[in-house]
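Here the structure comes first, spelled out in structure tokens, and everything after it is commentary.
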Amino acid sequence: MDKWYDIMTTYEKKVDVKSKAEQLELISYYYGYTAWLIGAEKNDTAELYIDKSEKIIDELLETSPEDPTLLAFKGSFIAFTIGITNLKAIYLGPKSMRYINKSIELDPENIQGNIEKGNSMYYMPSAFGGDKAEAIEYYLKAIAGFEDQELVVNNWMYINTMTALGQAYEATEQIQLAKLCYEKIIRIFPNFMWVEDELYPDLLKRHKL
């Protein structure tokens, strides 16, 4: 993540604020880094990047209010806030879902929209509509989008979605599919240590494979 931070901070200094594509790329860097910060319980820093990201997203939404990728990212950063403070889920959860659902409604094939819909279904408690089996369908759709558009090589978002799919397979007791998913990741991205050194061997050990 030190390398990630260096690349991200270098890019944010040279990003063209008039280029929507470059700003979306910067948001994707913030997205990955914020998720890692929350996982590492560095919540104060995560909040800074949530604020940075939402500022850019809101400015872009003013001129592109129906951009499905922007809407999906907006929903995801609201969800990050819930990840920091679960008590906010009561009122922020529906707000996050409105953005994500609108993204899917505007473009059912949108990759980011399907990722975020999958994430919401995976992490949302079942009492509030969460469904890990349904999450798998959205992850598969996002992965198909990456592959159909040849957005696989050196694409961290693709590998992250593949990893989420493997975890969802395991969570729904589809162990052989989880195993195959992790093996595919290892073949394509042999240096992705989280899967190769943790998730895959843990799966084998837990299920005596």
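Averaging sequence separations of C-alpha pairs under 8 Å and six or more residues apart, then dividing by the length of the chain, give the relative contact order as a whole percent. Contact order relative to length: 11 percent.
Among the GluC sites (Glu not before Pro) in region 53-160, those located in a DSSP loop and surrounded by at most 16 other Cβ atoms within 10 Å of their own Cβ are E66, E109, E150. Comparing region 5-58 with the 2.2 N^0.38 Å rule of thumb, its C-alpha radius of gyration ratio is 1.10 (two decimals).
Within the assembled protein chains, the solvent-accessible surface assigned to T85 is about 50 Å², based on a 1.4 Å probe. Span-like helix criteria (full DSSP H runs; alpha carbon extent of at least 15 Å along the helix axis; mean Kyte-Doolittle hydropathy of at least 1.0) are satisfied in the chain by 68-84.
Projecting the Cα atoms of F73, F192, I27 onto the dipole axis of the chain, where Lys and Arg carry +1 and Asp and Glu carry -1 at the beta carbon, places F192 farthest toward the positive end. Note on E41 and D197: their simple-model spin labels are 2.1 nm apart, each label 7 Å out from Cα toward Cβ. Over all pairs of different C-alpha atoms, the chain has a mean inverse distance whose reciprocal, the Kirkwood radius, equals 17.8 Å. Each Lys and Arg contributes +1 and each Asp and Glu -1, all at the Cβ; summed about the Cα centre of the chain, the dipole is approximately 380 debye.
The listed residues M124, M162, once ranked by accessible area (1.4 Å probe) with the largest placed first, stand as M124, M162. With contacts taken as Cα pairs under 8 Å at a separation of at least 6 residues, region 1-80 carries a relative contact order of 25 percent.
Could you pull out the GluC sites (Glu not before Pro) across region 170-209 that fall in loop regions by DSSP (anything but H, G, I, E, B) with no more than 12 other Cβ atoms inside 10 Å? Qualifying residues, ordered by number: E173. Mean residue ellipticity at 222 nm, helices only, the chain: -24500 deg cm²/dmol; runs of at least 4 DSSP H residues each add -39,500 (n - 2.57), and the sum is divided by the number of residues. Three principal axis extents of region 84-160 based on alpha-carbon atoms, in descending order, are 39, 24, 22 Å.
Building the convex hull from the alpha-carbon atoms of region 30-136 and averaging its projection over directions returns 6.4 nm². Work the Kirkwood hydrodynamic radius out for region 57-113: mean of 1/r over every pair of different alpha-carbon atoms, inverted, in Å. Radius from the Kirkwood sum: 11.3 Å. Computing FRET efficiency as 1/(1 + (r/R0)^6) for R206 and N155, where r is the C-beta to C-beta distance and R0 is 35 Å, gives about 0.75.
The residues of the chain present an accessible area of 55 Å² per residue when probed at 1.4 Å with all protein chains retained.
Taking only Cα atoms and a 10 Å spring cutoff, compute GNM fluctuations for the chain and point out the largest among F189, F146, F80. Ranking F189, F146, F80 by mean-square fluctuation puts F189 first.
The values are calculated or read from the model by the stated rules, or taken from the named source; none is laboratory data. Because the structure is predicted, anything quoted here is derived from the model rather than measured. Every residue, glycine as well, gets a Cβ built from its backbone with ideal geometry; the counts of neighbours run over all protein chains shown. The accessibility values were calculated without ligands, DNA or RNA, using every heavy atom of the protein model including side chains. Shrake-Rupley method; radii C 1.70, N 1.55, O 1.52, S 1.80 Å.
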